[in-house]
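Here the structure comes first, spelled out in structure tokens, and everything after it is commentary.
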Amino acid sequence: MKKRVLCILVILLVASPLVLFAGGAQEESGMIKVGIVNLPPEESGYRQANVEAMNSVFSKENGYDAKQTNTGDNTEQIAAAKGYIRDGVDYLLISAANASGWDDTLKSAKDAGIKVILFDRLIDTDKANFQAALVSDMAYEGDMATQWVLSLGLDKINLILIRGQMGSAAEIGRSAAVLKAAGAGKLKIVADGTGGDSWSLEEARKVVEAAIAAGKDFNVIYAQNDGMAQGAVQALEAAGISHGKSGKVKVIGFDFNRFALRNVQAGYWDADMQCNPRQAAEISKWIKSGSLPSGIQYQKELLLTTDTITDELIDQWGINADPGKGVITR
Amino acid sequence: MEPENILKMEGISISFPGVKALDNVAFTLRKGEIHALMGENGAGKSTLVKVITGVYEKDTGNITIDGQPIHFKSPQEAQNSGIGTVYQEITLCPNLTVAENMFIGRGHYSFVHWKHMNEKAAQLLDSLGIPASPGQELSSCSLAVQQMIAIARAVDMDCKILILDEPTSSLDEDEVKKLFVLMGELKARGVGIIFITHFLEQVYEITDRITVLRNGKLIGEYETDSLPQIELISKMMGKALEEISEIEKLAPDASGQCVPVFEASALSSDAGVRPFNFTIQKGEVNGFAGLLGSGRSESARAIFAADKVTGGEVRIKGQRVKIRTPLNAMKRGIGYLPEDRKGDGIIAELSVRDNIILALQVLKGFFKPLSQKQAQDFADEYIKKLNIKTPTADTPIKSLSGGNQQKVILARWLLTHPDYLILDEPTRGIDVGTKVEIQKLVLGLASEGMSLTFISSEIDEMTRTCSRLIVMKDREIVGELTGANLTENDVMHVIAQGGI
Amino acid sequence: MNMQKVMTRMSHLVLPISVLLLLIIINLIKGADYFSITVVKGALYGNIPNILFGASELVILTIGMTLVTAASQGQDISIGVSATITSAIFVLFVINAAEVTLVTIIAGFLISCVAGLLIGAFNGILVSIFKVQPMVATLILFTGGRSIAFMIDGKLSPILANDISNQIGTVIPGVPIQTPIILTVVFIIITAWVLKTTNLRLYAQSVGINPSAARLNGINPKKIIFLTFLIMGVCTAVAGFIAVNKAGRHDSVNLLKLIMMDAILAVAIGGNSLSGGKFSITGSIIGAYTIEMLNRTLLRLEVEPEAIKAFKAVFIIILMVVSSPVVRDFTRKIMDRVRTLGLIDGVLKRHAPETAAVSSPGSIKRKEE
């Protein structure tokens, strides 16, 4: 343990200047120069996977001379972007902390002939200010998940909807299809709650407990992230309500945490919808092929069920720690 | 010719749940007079003032101002009718300027014209002879000047009646003089002043008439000149004269043979007191005399390590010890009743019981709390012993009168059975009766073998209780008085000579 | 007289208890079976166990918050983050152990307690020695702490998949009460015991009300403030331990996020002044359960998820206004009037004016003025 703490310290102190130094010193011809402006990995497991993918794809072995800045501060991000523009990078990849305030920076990149590719997060700006954007389509994720619910072949669908932070892009997108289906009478939302600003496991648990206390009859839980799905299932467990593959209540989560995928694999839950943080490979493909798409591009994302899930998929697409095959996270 | 009454109150009664605070009280105030309102704590002085100023509504009775019957529903109304009030605690804002303090928050100045305001303030300060400039920050003025500014603020609101509630209790003699000059000025202008104070000397120095209250009842209205001081005291206390005449000095003079209970040499603290030597014998009562700021409190604090001790040597019963914190001092059998009761003494929100047991509890240690019963017994014992007037031991100390709060702090230290007790201004701001009680108690304790240091700004109080006075000036000991030399005059002389 | 004494002593609990009662009434209107308890898988199940279960971390943190508030006259806003760090250390220890036994768990817990003490010492030194405002001092960990936890987690969100953890987070077979509830009760009992066998209450209150007077009575205010932060550190370690075992994995981003808001609120609802001094831990604990119940009541009333925050805010504003000194004074005046009437009545009947006169607490203050 001591070692790890020491490691962390060493990494913190040494790594950043070293990387910069190395990048500056070994400027080789033939390399594609890329500047990446990203959020810090400690923001979430999702961001960690995202940053990791950026690091491994835009590496020297793959022919890139890449520099990355990770900060949650929009002004620092803009300053970093301007630095990369001055350095004369070929491509500028941005995942912005704040959706606004980028117009000037993007324009100067354009004037310098630098191709700007937004990833994971969009920026409120004119389409002409960037070349392409690769993001997850939250509405698509909601559509896929709702389709799965409707395809379960249940007599009637009584669903508990557990939303994320109200008003966030993910919440709006992932709620849309369900609300539409409910409006069309294809399913019934018997309880509509939220895990609050922190997409909280505890809050999700309370939403389900309240529904149980109110004597609601329900057979689907649609939780907009894995932690909330976990909280919902904890409530079912405590109340002695069966769930999962052979149970009464069908459970779907979002985000592809490996623990969630293992739960699906074990039949403890029923499905999980991906939100893919790994845009790096696709962007690299665009760059290598020489034909960049223009405008907003959406990633293809997976929905895995107890039937379709495999170890390989968990390994390849999951994020965060893997509890191991057959281990249920309650 | 009958003098003109500006304020006339008749048959005033007011009751609070369970208590008749004022019972058929009458009071008159003439134009251009200074009228002392006297009485012990709880006599009804403050209640009467609050009826005048519209804080309380009277149950029965009539009030007329300039012959017009009035009936205030709020302090604002009273203020608008020309009644200004200045309280003991200064209620101004220390970080605003003098002029701002004088004008801000007053109806017709809601849109402040800074220049105009400063000019007007300068005029007013000048006319009243207050040594302050309008642009100066209030906190940079002395307490007396602050008090005067509070008065100026009240006066400027065209006041006919000015109520001064204990304005002098935090002022030194010089400052009191200045205040009195101002009061004389206002009197000459025809303002009627109601003056509440515990300082009898001041009453005789400046007032024209005296009204005495006791237990909510009117005892009488007197011309100051025709009421001897001793009679005034007896009317306030409701006791026969002989009971309160000169306290017999019980304390033995210190005999030089035995080992001193406490001995300090070249003691100094970061509060700025010069290194001083000091000893006290068993059963001795001595005192530090001197003007405010002379170092008398700082010396006491140095002994108790209330300020950071910076040097010197301390012996207790001949043994050399280190006293670096108040706890050290307490463990060595020293107790200290601080000068600032509110700031350093009471734990306002805690009960009388907790306040009484605090020091003993700390001495016993963090892991040895007294049982509820023990605590209650101790509290009850000392409430009875010191005659502390409190409804129950559970009552928060802040709702007790000043004198009773002081008794609680005394009880706190007596409970620890100290060998040596330092009392810094134990009688400040409390009524005559309690003062006498405390003085008697001090002498009683000394006769039981306790050593005490008694500090007071009323020198006559010290000459009555102490057998030895250490006179201080400019943070230095300038002399020592014992025996026949222990008079107020001698103290003055020593202070005056020390200045040469 | 004795009854009245009890009443005065309990007066600070009037607010939290009446709020709790109000919530219970609302819930009973919504469904008469509110108090019903069934047995599911050998454990008690129902609304009450759910509330007790859900509020456990909050209750424990509220105890620490009450003490810190009392002595330091300010609040520790880093508690959620601190609990995240201590629990990260616990998880790190457990998942690196060759075999997870009860001893591993206890050892891990004790190590996380040490971490909690260190965090408490850090905050405590800033507040007591460097005299930094508590909120500012704890802001440091509040902003940076989750990154530290993330690093300890090895940039992942590690899973705590072992039977003992599961039993700590849910129920131990054969025990009819959920483990977090038991742990909370044990913690409350320990707190009560500490308050009974030490002078913590007297010292903390004295320091919070008048540090200068406390010092002159031999109490070292710095030590006491530091001590309350150490206790807070232990509280965060225990809360983190319960939270992470409940969750079954360590989510450094969201674990106990924003719980300091609820903890501060619980202290306030408990009738405690946020500027320190006198405190009632009983009040704070009731306050914590009240907040938990409020959250659940809003869900039970099926308030729209968009409006849930606004509803909570309105409720809290009403609560704070009702408990404000202004309104309290007003009610006291009315109560005095009512009591006077009752008193006159009593005098006429019993001819016992003296005892009755003294026992009316409202009158004392005025009389002494």
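The values are calculated or read from the model by the stated rules, or taken from the named source; none is laboratory data. Keep in mind that what you see is a predicted model, and the values were worked out from it rather than measured. Reconstructed Cβ throughout: ideal geometry from the backbone, glycine too, with neighbour counts over all protein chains shown.
Rundown of residues vs (1) over 20 Å from A:ARG330 (Cα atoms); (2) more than 12 Å from every other protein chain (Cβ to nearest Cβ); (3) of a type in the set (Ser, Thr, Tyr), yes/no style:
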site	(1), (2), (3)
C:SER157	no, no, yes
C:ASN166	no, no, no
C:VAL175	no, yes, no
C:GLN178	no, no, no
C:PHE187	yes, yes, no
C:ALA192	yes, yes, no
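Here A:VAL264 fulfils each of the conditions (1) surrounded by 18 or more Cβ atoms within 10 Å (Cβ to Cβ); (2) among the β-branched types (Val, Ile, Thr); (3) not in a helix (DSSP H, G or I) apart from (3). Scanning the range C:146-166 for residues that are surrounded by 17 or more Cβ atoms within 10 Å (Cβ to Cβ) and either within 21 Å of C:LYS41 (Cβ to Cβ) or among the acidic types (Asp, Glu) (or both) returns C:ASP153, C:LEU160, C:ALA161, C:ASN162, C:ILE164, C:SER165, C:ASN166. Looking at the structure I just gave you, is A:ALA223 under 26 Å from A:ALA169 (Cβ atoms) and at pLDDT 95 or above? Judged against the criteria, A:ALA223 is a match.
Here is a yes/no grid of residues against (1) of a type in the set (Val, Ile, Thr); (2) buried (at least 20 other Cβ atoms within 10 Å of the Cβ); (3) touching a Cys at 6+ places or on another chain (Cβ under 8 Å); (4) facing another protein chain (nearest Cβ under 8 Å):
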position	(1), (2), (3), (4)
B:ASP354	no, yes, no, yes
B:LEU358	no, yes, no, yes
B:LYS385	no, no, no, no
B:ASP394	no, no, no, yes
B:LEU400	no, yes, no, yes
B:GLN405	no, yes, no, no
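For the residues B:ASP340, B:ASP344, B:ASP307, the requirement of being at pLDDT below 95, touching a Leu at 6+ places or on another chain (Cβ under 6 Å) and surrounded by fewer than 24 Cβ atoms within 10 Å (Cβ to Cβ) singles out B:ASP344.
Would a scan of the range B:440-463 turn up a residue that is acidic (Asp, Glu), in a loop (DSSP other than H, G, I, E, B) and modelled with pLDDT under 90? Within the range B:440-463 (the criterion being acidic (Asp, Glu), in a loop (DSSP other than H, G, I, E, B) and modelled with pLDDT under 90), the answer is yes, since at least one residue qualifies.
Please tell me if C:GLY271 is under 21 Å from the mean Cα position of the chain (by Cα) and buried (at least 24 other Cβ atoms within 10 Å of the Cβ). Let's see the steps before the verdict.
Numbers: under 21 Å from the mean Cα position of the chain (by Cα): yes; buried (at least 24 other Cβ atoms within 10 Å of the Cβ): no.
No, not satisfied.
Take B:ARG320 and decide whether it is out of contact with any helix residue (DSSP H, G or I) (no Cβ under 6 Å at 6 or more places or on another chain) and either crowded, with 24+ Cβ neighbours inside 10 Å or hydrophobic (A, V, I, L, M, F, W, C) (or both). Considered against the rule, which asks whether it is out of contact with any helix residue (DSSP H, G or I) (no Cβ under 6 Å at 6 or more places or on another chain) and either crowded, with 24+ Cβ neighbours inside 10 Å or hydrophobic (A, V, I, L, M, F, W, C) (or both), B:ARG320 comes out as no.
Which of the strands (runs of 3 or more DSSP E) contained wholly in the range A:162-260 include at least 1 residues that are within 11 Å of another protein chain (Cβ to nearest Cβ) and not β-branched (Val, Ile, Thr)?
Details: elements: A:188-194, A:220-223, A:250-254.
Correct list: A:188-194.
Can C:ALA137 be described as part of a helix (DSSP H, G or I), hydrophobic (A, V, I, L, M, F, W, C) and within 14 Å of chain B (Cβ to nearest Cβ)? Criteria not met by C:ALA137.
For A:ASN320, state whether it is touching a Pro at 6+ places or on another chain (Cβ under 9 Å), buried (at least 22 other Cβ atoms within 10 Å of the Cβ) and within 26 Å of C:GLN167 (Cα to Cα). First the steps, then the outcome.
On the way: touching a Pro at 6+ places or on another chain (Cβ under 9 Å): yes; buried (at least 22 other Cβ atoms within 10 Å of the Cβ): yes; within 26 Å of C:GLN167 (Cα to Cα): yes.
For A:ASN320, the condition - touching a Pro at 6+ places or on another chain (Cβ under 9 Å), buried (at least 22 other Cβ atoms within 10 Å of the Cβ) and within 26 Å of C:GLN167 (Cα to Cα) - is met.
Quick check on the range C:280-287. Is at least one of its residues without any contact (Cβ under 8 Å) to a residue 60 or more places away in the chain and in a helix (DSSP H, G or I)? Checking the range C:280-287: not a single residue is without any contact (Cβ under 8 Å) to a residue 60 or more places away in the chain and in a helix (DSSP H, G or I). Determine whether B:LEU327 is surrounded by fewer than 24 Cβ atoms within 10 Å (Cβ to Cβ), facing another protein chain (nearest Cβ under 8 Å) and under 22 Å from B:ILE455 (Cα atoms). When the stated conditions are applied, B:LEU327 passes them.
Just one of the numbered conditions (1) within 24 Å of the chain's Cα centre (by Cα); (2) within 22 Å of B:ILE347 (Cα to Cα) is not true of B:PRO418: (1). Among the criteria (1) at pLDDT below 95; (2) farther than 28 Å from A:PRO41 by Cα, the one A:ASP322 does not fulfil is (2).
Filtering the range A:121-138 to residues that are under 20 Å from A:ALA79 (Cα atoms), in contact with a helix residue (DSSP H, G or I) (Cβ under 7 Å, 6 or more places away or on another chain) and not β-branched (Val, Ile, Thr) leaves A:ASN129, A:PHE130.
If a residue has to be over 16 Å from A:PRO41 (Cα atoms) and not hydroxyl-bearing (Ser, Thr, Tyr) to count, how many in the range C:126-164 make the cut? Before the answer, list the steps.
Of the residues in the range C:126-164, the ones over 16 Å from A:PRO41 (Cα atoms) are C:126-142, C:159-164.
Add one more test, that the residue is not hydroxyl-bearing (Ser, Thr, Tyr), and what stays is C:126-127, C:129-137, C:139-142, C:159-164.
Of the residues in the range C:126-164, 21 are over 16 Å from A:PRO41 (Cα atoms) and not hydroxyl-bearing (Ser, Thr, Tyr).
Is it the case that C:ALA310 is within 14 Å of chain A (Cβ to nearest Cβ), more than 17 Å from the chain's Cα centre (by Cα) and either within 30 Å of C:ILE152 (Cβ to Cβ) or among the small types (Gly, Ala, Ser) (or both)? It is true that C:ALA310 is within 14 Å of chain A (Cβ to nearest Cβ), more than 17 Å from the chain's Cα centre (by Cα) and either within 30 Å of C:ILE152 (Cβ to Cβ) or among the small types (Gly, Ala, Ser) (or both).
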